[in-house]
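Remarks on the structure that follows.
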Amino acid sequence: MAVKAPLWRPRPTLGGRDYTSEAVFADEREHVWWGHWVCIGRAEEIANPGDFLVRDLAGESIILTRNQDGRVRAFYNVCSHRGTKLLDDEPACGHVRKAFKCPYHAWSFDLDGRLIGSPNVDEDEAFDRDDYPLHAIAAEAYAGFLFVHLGPEPEPLLDSLRDGIEIITNFERYRMDELRVGVRIVYEVKANWKIVVENFNECLHCPTIHPELVQVVPLYRFGEVWDDESQDDGNWMVEGATSFTMTGQSTLPKFPDLRPDDYRMYFGTYQFPNLMLNLHPDAGMSYLALPRGPGHTTVVSEYLFRPETIAAPDFAPEPVVEFWDLISKQDWEVCERAQTGVGSRAYRAGVYPRQDRFLFAFNEHYRRVMGRPLIG
Ligand code: FES
Ligand SMILES: [Fe+2]
């Protein structure tokens, strides 16, 4: 018997300036982007010792690498001599044999950030190299995703990941650490990162914006994102569909060892602040949102498959990619439209009806992280 949904009273959205103001963005840098665990990429990009990745996190350039013991390490992209930026943004990934060398005075740092070379600095200056390592950042991998935390004394990553309504730790059966990126698409979206997240977490817009999507996930016709009777917030695909494509079919092999229902379901999950994950019977797709300013977000969309699927000569990701790319572009267009509207002097705040309750939950989480009072 269907359980009647609890009563909902309309709640306010965030304020217009939360999406547009430089001052709010500066505050978010401290609390959200540099004071919380944040996803920054896939561990496979630094598969071997000496591989490195350069990423911009809300204006701070970060180096991620793997040390000789195979551990993920992260540092500010800043030389400890006189602050020079060590590595360029492009190419964003590469490999060093043993050390990073500063392009200014050629000081070099090993994969653990230790200063190991400082040409023409005499030992008799009482100069101890141990005192000048790179500035380290907490970094860890979970499910093949790389996370960093720029603040002091971060809580354990797993505690942070489990703090939310939807959490990626519910999906270990998909063995995401074994999956590999088969296709990557980078979108530049002229909208605030929270508009992107909010759009991901509701489907009130699905009947109008995504006519193709509601064919594959019938529940979305009703603007609902959560089937109360399915596990882990999964949604049934239309009868007969086994892949997230226009036809509901693909030639991709299914993931092994899922629960029987998983082969007919779509799971979408959000990990605060910037990881949005979609799981299908034969593919995963993650959106990584990286803020460039109050009105600009880079969204990296990566399609994940089993390595043997990618290696197969008949690997054909196109039906999944084309479907998601269509949905993505539909979403970004409407996000940009929303961004324009919330910037109006007329807009103070909007309203969340029941189908928007995940957005309200996200906003409450955001308020907590920002040190603002909750609305409740
Ligand atoms: S600033 Fe890097 S070696 Fe001098
Ligand atoms: Fe959408």
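Only the coordinates and a few stated rules stand behind these numbers; no lab work does. These figures come from a predicted structure and were not determined experimentally. Cβ: placed from backbone, ideal geometry, glycine included. Neighbour counts: every protein chain shown.
One table, with the values for the structure above:
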| read-out | value |
| --- | --- |
| Calculated diffusion of the chain, Stokes-Einstein form, Kirkwood radius summed over Cα pairs, 25 °C and 0.890 mPa s, µm²/s | 110 |
| Listed residues ILE116, ALA191, TYR104: farthest to the positive end of the dipole of the chain (Cβ charges) | ALA191 |
| Ranked list, fewest to most other Cβ atoms within 10 Å of each Cβ, for TYR142, TYR19 | TYR142, TYR19 |
| Equivalent-ellipsoid semi-axes of the stretch 78-117, from the Cα gyration tensor, Å, largest first | 16, 13, 8 |
| Equivalent ellipsoid dimensions for the stretch 1-104 as semi-axes, Å, which come from the Cα gyration tensor, largest first | 39, 21, 10 |
| Residues with amide H under 5 Å from that of MET265, placed H, sequence gap 5 or more | MET237 |
| The chain - mean residue ellipticity at 222 nm from DSSP helices (-39,500 (n - 2.57) per run, n ≥ 4, rounded to 500) | -5500 deg cm²/dmol |
| Separation of alpha-carbon centers, the stretch 230-285 and the stretch 1-73, rounded to whole Å | 24 |
| Binned Cα-Cα distances of the stretch 270-376, short to long, each 5 Å bin given as a whole percent | 2, 9, 14, 19, 20, 14, 9, 6, 4, 2, 1, 0 |
| Whole-number D in µm² s⁻¹ for the stretch 38-154, Kirkwood Cα-pair radius fed into Stokes-Einstein, 37 °C, 0.692 mPa s | 227 |
| Residue of ASP69, ASP51, ASP282 that the Gaussian network model of the chain assigns the largest fluctuation, springs spanning Cα pairs under 10 Å | ASP69 |
| Cα-centred dipole magnitude for the stretch 38-154, charges only on beta-carbon of K, R (+1) and D, E (-1), debye, nearest 20 | 380 |
